[in-house]
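Each remark here refers to the structure printed beneath this line.
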Amino acid sequence: MKSKALKVAAWEFMEKVKSKAFIISLILMPVIIGGMAVLPAFFASKEDTYSIQIGIIDGTEKLIEPLGEKLDSKYRLSHDQPIYFLRNLSVGRSLEEGRAEGARMIASDAIEGYFYIPSFVFDSGKIEYRTKNVGNFKIQERFSRVFEQVITEMKLSSYGLDTALVQELTARVEIKPIKISDKGEESETSFGETFAKSYVGLLMLIFMILTSGQLLVRSMVEEKSNRVIEVLLSSCTPRDIMVGKILGLSGLGVLQMLVYAVLGVALALKTNMNLLQPEYFAFTLVYAILGYVLYAAIFVAAGSPATTEQEAQQITAYISMLMVAPFALIMLVMQNPNSLLVKVLSYIPVLTPSVMVLRVAIQMPPAGEIFATILLLLVSIAIMMWIAGKIFRIAILSYGKRPSLSEIINWVREK
Amino acid sequence: MLKVTDLRKEYDGVIAVDGVTLEVKRGELFGLLGPNGAGKTTTIRTILNIIKPDRGDIYFDGKPFTNSTWNIVGYLPEERGLYRKSKIISTILYFANLKGIEPKKSKPLAIHWLERFGLKNECHRKIEELSKGNQQKVQLIISFLHNPQLLILDEPFAGLDPVNQILLKDILLELKQKGTAIIFSTHQMEQVEKMCDSICLINKGKPVLNGELHEIKKRYGTNFVHIEYEGSGEFLKEIEFIRRADVYQNYAELELTDISRSTELLAYLNERLLLRKFEIVEPSLNSIFVNVVGGSQKYLSVNG
């Protein structure tokens, strides 16, 4: 009866391809991912186009001058105007008055924010920054760097060192990253590019699995509530229906991936990003498809007992949490793709697809590990499908109250 | 065609069906009756192999359910519903395809049936754009498009207007003529009375009445004769084999001591009155149903 599963698959595929939800997600996803992955980087690296007023309350009374000089020489607009204008808020005011004035000026947008430099800063190394916009890390980062420099220089010269020597001693070093592949080829690659590549890969995987998982659970709930399931069950076995659904959904995923692959190639050609390594492409696709099928089975197992739209949404929300977890791992994997922790995580089936998609993007793992993880995924899919089949068979006919976990475990045990 | 013996199904200690035995022949309309929760749906589901019985045998032409059986059964569930967003014609073709009929073959059939139900021009619209009654027609088409040998319909007439009820009745009789075995489950006694050859009445999971309809009626037959006449009916009370007579001006209800003497009565009355109507009143299925299900011990004991 394999052909009946294929018929179900063909129907599920065709009906969902035509559905609005799918078409919207197909178009919306690159937009959202583009927005999430590219825009922040774009804004962060954006050239400064206007000057900013910053207030200073200098408890030491000697830092503000060298600070202003350093900022002037370092950060300038394209037409050679300094970016940062410092306003000394402590002139002729007590500390309290200075602070009150600072708060007033922030409120009226006369200044972006103000720094309070306590008199004991040389010992504590702590400076306070008050602003409406705490999230603007660019100012904080730049100022803390300049403060560091100024304070170090002042300390060093207080030990009697000559200013020129101090500048030589505190010279900054910049590191230019060059990626070396396993074949020993060098390619210039930036942190941003690797980050974007892995981030986009992971985002696509998660988005696709979630949108289609939602479609799957909703269609199961619909079939249950309108009793179409009974007509289906009088035509073929529950296994046919389940396998058909999973196949149809995976077909949807493959189609989606092909569309994005074409988009990706076009993007890569345009931006000269190094996306075109064939093995990166191939393995990302393999892990994505396997992950897709594994999660489809998970969605069937978890979603088939649902009887209402709300329950279905709750279930998708829980699984989403499981899926979003790997985002916390991006940095970890990027910093050390060969650490023991990353290796261990690669062998937890629900995480395997996403962790491996990350690893493939950052540094191609050894062939043995690729082989082992693919094998692991295949075995997990087989087990998960078996469990899902057991649950699905009974769950699709249970209406009304949602079964408890122990009931579901009993269904799986039943032969 | 279908033979079910001693079916039993239990859910978590609650007995849904116990000891149901029934037989449906080709070309027979079989009524599956019972109050709500009696076990009709469970019986249907086990016949269709949707659920497995705990005990009992189900045979189709002497063979148990196999992979080829899927394609010879058709089913209309009681609660209606279809894929709301899908087109009518593609939904019909999909279900036909699942029953092993290629779209090439099923498309002209689907168009034929849609035309008969007056839906031909709607066939490219979405299901959700149809009225409930029209959706039900689409579901009916789905249930018998593949020309099943066994067709199971749960409350097929509910929700249809009188015109379409007649249309459906005609179609069912045509299918019956072609040799299809049809089971229909319902509470609508008049439909059963007019159409069914045999019935099985289930109550609380157990079969309480089973067999050919006219046999059952005979078994529950009363001794009542209703007559309409011209003339004086006063003498009716004097006839020795009439136990009781309600005599009105031109109408009387008579209870005989023995219904087999009705011909004798007819001849006797013909001599004395101008008879307009002479009717041996069968109990309606409705009254049998109420009697049996209402828990009358007398009737239950008759059936063991």
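The values are calculated or read from the model by the stated rules, or taken from the named source; none is laboratory data. Here the structure is a predicted model, which is why all the values come from computation and not from measurement. Cβ: placed from backbone, ideal geometry, glycine included. Neighbour counts: every protein chain shown.
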Of the residues in region B:23-54, how many are among the acidic types (Asp, Glu), away from every other protein chain (no Cβ under 14 Å) and more than 13 Å from the chain's Cα centre (by Cα)? 1
In region B:85-116, which residues are part of a loop (DSSP other than H, G, I, E, B) and acidic (Asp, Glu)? B:Glu102
If I filter region A:122-141 down to residues being modelled with pLDDT under 85 and closer than 16 Å to A:Leu86 by Cβ, which single residue comes out as surrounded by the fewest Cβ atoms within 10 Å (Cβ to Cβ)? A:Gln140
If I filter region B:85-119 down to residues being facing chain A (nearest Cβ under 8 Å) and either within 28 Å of the chain's Cα centre (by Cα) or not small (Gly, Ala, Ser) (or both), which single residue comes out as surrounded by the most Cβ atoms within 10 Å (Cβ to Cβ)? B:Phe95
Could you please tell me which pairs satisfy a Cβ distance under 8 Å, a separation of 6+ or placement on different chains, a first residue in region A:68-82 that is among the polar types (S, T, N, Q), and a second residue that is modelled with pLDDT under 80? A:Ser78/A:Glu47; A:Ser78/A:Thr49
Is it the case that some residue within region B:57-65 is at the interface with chain A (Cβ under 10 Å from one of its Cβ atoms) and either assigned to a loop (DSSP other than H, G, I, E, B) or crowded, with 19+ Cβ neighbours inside 10 Å (or both)? no
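Yes or no, residue by residue, for (1) farther than 17 Å from A:Val357 by Cα; (2) in contact with a Leu (Cβ under 8 Å, 6 or more places away or on another chain); (3) surrounded by 19 or more Cβ atoms within 10 Å (Cβ to Cβ):
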position	(1), (2), (3)
A:Ile241	yes, yes, yes
A:Gly253	no, no, yes
A:Val259	yes, yes, no
A:Leu263	yes, no, no
A:Tyr280	no, no, no
A:Gly291	no, yes, yes
A:Ala302	yes, no, yes
Taking the residues in region B:175-229 that are of a type in the set (Val, Ile, Thr) and in contact with a Phe, Trp or Tyr (Cβ under 6 Å, 6 or more places away or on another chain) as candidates, determine which candidate is nearest to B:Asp6 (Cα to Cα). B:Ile183
If you take the residues in region A:231-260 that are without any contact (Cβ under 8 Å) to a residue 40 or more places away in the chain and within 17 Å of A:Leu397 (Cβ to Cβ), which one is farthest from the other protein chains (Cβ to nearest Cβ)? A:Val231
Selection from region B:20-34 of residues closer than 23 Å to B:Arg55 by Cα and part of a loop (DSSP other than H, G, I, E, B) yields B:Lys25, B:Gly34
Can you list the strands (runs of 3 or more DSSP E) lying wholly within region A:53-137 that have 1 or more residues being of a type in the set (D, E, K, R)? A:84-88, A:128-131
Check A:Ala367, A:Ala372, A:Ala306 and return the single one that is within 30 Å of A:Cys236 (Cα to Cα), among the hydrophobic types (A, V, I, L, M, F, W, C) and assigned by TED's automatic domain parsing to the domain that holds A:Val217. A:Ala306
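Rundown of residues vs (1) under 25 Å from A:Ile289 (Cβ atoms); (2) loosely packed, with under 15 Cβ neighbours inside 10 Å; (3) in the same structural domain as A:Glu222 (by TED's automatic domain parsing); (4) of a type outside the set (Ser, Thr, Tyr), yes/no style:
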| residue | (1), (2), (3), (4) |
| --- | --- |
| A:Val342 | yes, no, yes, yes |
| A:Ile362 | yes, no, yes, yes |
| A:Leu376 | yes, no, yes, yes |
| A:Val379 | yes, yes, yes, yes |
| A:Ile396 | no, no, yes, yes |
| A:Leu405 | no, yes, yes, yes |
| A:Ile409 | no, yes, yes, yes |
Can you say whether B:Leu168 is more than 28 Å from A:Ile241 (Cβ to Cβ), touching a residue at least 40 places away in the same chain (Cβ under 8 Å) and away from chain A (no Cβ under 14 Å), as far as the supplied structure shows? no
Members of region A:208-265 that are of a type in the set (D, E, K, R) and within 15 Å of A:Glu15 (Cβ to Cβ): A:Arg218, A:Glu222, A:Glu223, A:Lys245
Please work out which residue is nearest to the other protein chains (Cβ to nearest Cβ), limiting yourself to region B:66-77 and to residues that are in contact (Cβ under 8 Å) with a residue 40 or more places away in the chain and touching a Ser or Thr at 6+ places or on another chain (Cβ under 7 Å). B:Tyr75
Just wondering, is there one or more residues in region B:126-137 that are surrounded by fewer than 14 Cβ atoms within 10 Å (Cβ to Cβ) and touching a Leu at 6+ places or on another chain (Cβ under 8 Å)? yes
Could you tell me whether region B:69-84 includes any residue that is buried (at least 22 other Cβ atoms within 10 Å of the Cβ), in a helix (DSSP H, G or I) and not hydrophobic (A, V, I, L, M, F, W, C)? no
I need the full set of residues from region A:4-19 which are among the β-branched types (Val, Ile, Thr) and at the interface with chain B (Cβ under 8 Å from one of its Cβ atoms), in order please. A:Val8
Positions within region B:120-151 being facing chain A (nearest Cβ under 10 Å) and aromatic (Phe, Trp, Tyr), in sequence order: none
Check region A:320-327 and report whether any residue there is more than 30 Å from A:Trp411 (Cβ to Cβ) and surrounded by fewer than 17 Cβ atoms within 10 Å (Cβ to Cβ). yes
